[in-house]
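Values quoted throughout were computed directly from the atomic coordinates according to the rules given, and no laboratory measurement underlies them. Given the structure is predicted, the values throughout are model-derived calculations rather than measurements. Neighbour counts are summed over all protein chains in view; Cβ atoms, including those assigned to glycine, are modelled from backbone coordinates with ideal geometry.
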Amino acid sequence: MRRLIFLIIFILVQTFGNGQTISGIEYFFDSDPGYGAGTPVSFEPGSSVTTSFSISTAGMSEGVHYLLIRARNIHGK
């Protein structure tokens with residue numbers, strides 16, 4: 001019984017415990033240009049990403065705008 005419980009815990013950890021490796025980050029304003037068509041962000045890929053970057057607002061009209069940021073993992077999701 002003990003081995004069965006250990007096996008179940010091991011399988012659950014392997015299935016749900018793996019972190020995802022971030023392979024791409026992009027940003028865009030207001031409307032989605034499509035996956036991969038935003039402005040790319042330079043960073044070091046990994047399962048834990050900390051980065052800072054500057055965003056140019058040159059050429060934008062006055063008013064309210066939405067900044068959207070998305071990331072993709074190594075599996076393209």
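A few points about this structure:
- Among beta bridges that DSSP assigns inside the range 23-77, antiparallel share in %, nearest 5: 100 percent
- Our estimate of slack between S48 and S31, defined as 0.36 nm per intervening residue step minus the Cα-Cα distance, is 3.4 nm.
- All other residues whose Cβ lies under 15 angstrom from that of F53 are scored, Lys and Arg at +1 and Asp and Glu at -1, for a net of -1.
- For q = 0.25 Å⁻¹, Debye-computed log10 I/I(0) when each Cα of the range 16-74 counts as one equal scatterer: -1.09
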